[in-house]
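*Asks:* Sharing a structure here in structure tokens format.
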Amino acid sequence: MNTKQKGNVAFAVIVSIILCLPWMVNAYKLFNCDFRPDYKCEVIHTLGFVIPPASYITMFVEGE
């Protein structure tokens, strides 16, 4: 593997982490919701979990 290929692999790994991290944070917050009436937290984080691009916004919403 030459230097250019190693750079491309590193770039792909970094981009993958950047794209997946908000979804994983959102999934973590969803699984930590209390699932009791006033389901605001659950609805918001479920949307971010089911629609991955929405997780970039919903991951900043605080639950409870």
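*Asks:* Assigned to a helix (DSSP H, G or I) and within 11 Å of the chain's Cα centre (by Cα) - does that describe any residue in region 7-15?
*Replies:* Checking region 7-15: not a single residue is assigned to a helix (DSSP H, G or I) and within 11 Å of the chain's Cα centre (by Cα).
*Asks:* Of all residues in region 28-45 being of a type in the set (A, V, I, L, M, F, W, C) and more than 13 Å from the chain's Cα centre (by Cα), which is farthest from MET59 (Cα to Cα)?
*Replies:* Across region 28-45, the extreme among qualifying residues is PHE35.
*Asks:* Could you please find all residues in region 24-35 being part of a helix (DSSP H, G or I) and among the charged types (D, E, K, R)?
*Replies:* LYS29
*Asks:* Out of everything in region 36-60 that is part of a loop (DSSP other than H, G, I, E, B) and free of Cβ contacts under 8 Å to residues at least 24 places away in the same chain, what residue ends up being surrounded by the fewest Cβ atoms within 10 Å (Cβ to Cβ)?
*Replies:* PRO37
*Asks:* Can you name the number of the only condition in (1) of a type in the set (Val, Ile, Thr); (2) in contact with a helix residue (DSSP H, G or I) (Cβ under 8 Å, 6 or more places away or on another chain); (3) modelled with pLDDT of 90 or more that ILE17 fails?
*Replies:* For ILE17, the exception is condition (2).
The values are calculated or read from the model by the stated rules, or taken from the named source; none is laboratory data. Computed from a predicted structure; not experimentally measured. Don't worry about glycine lacking a Cβ; one is built from the backbone with ideal geometry, like all the others, and counts go over all protein chains shown.
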